[in-house]
């Protein structure tokens, strides 16, 4: 398995939803997620913890673990590669 740092970038068309972020700039996903989480908790309180931090519709991603065609790796239970209990 190969690993490169997972990166994320806010799509410009969603910039108004995330005022503290600069759209079109690649950052590590962990750092970007921390910024979004802090901002969401400040705005919504703990209700922000009930949803995925970096919405795949609003962000582009690159890097991370290369999983190949089949894997037991997953980032969350809802990932398609996960075959365990739901």
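No lab work stands behind these numbers, since they all come straight from the coordinates. Keep in mind that this is a model prediction, so the values were computed, not measured. Here the Cβ positions follow ideal geometry from the backbone for every residue, glycine too, while neighbour counts run over all protein chains shown.
Data overview
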{"quantity": "Cβ crowding within 10 Å averaged over residues, with 6-14, 39-47, 20-28 ranked highest first", "calculated": "6-14, 20-28, 39-47"}
{"quantity": "Where labels lie 7 Å past Cα in the beta-carbon direction, separation of residue 50 and residue 37 in nm", "calculated": "1.9 nm"}
{"quantity": "Separation in nanometres of the label points that stand 7 Å from Cα toward Cβ, at residue 15 and residue 30", "calculated": "2.9 nm"}
{"quantity": "Relative contact order for the range 3-65, counting Cα pairs under 8 Å that sit 6 or more residues apart, in percent", "calculated": "49 percent"}
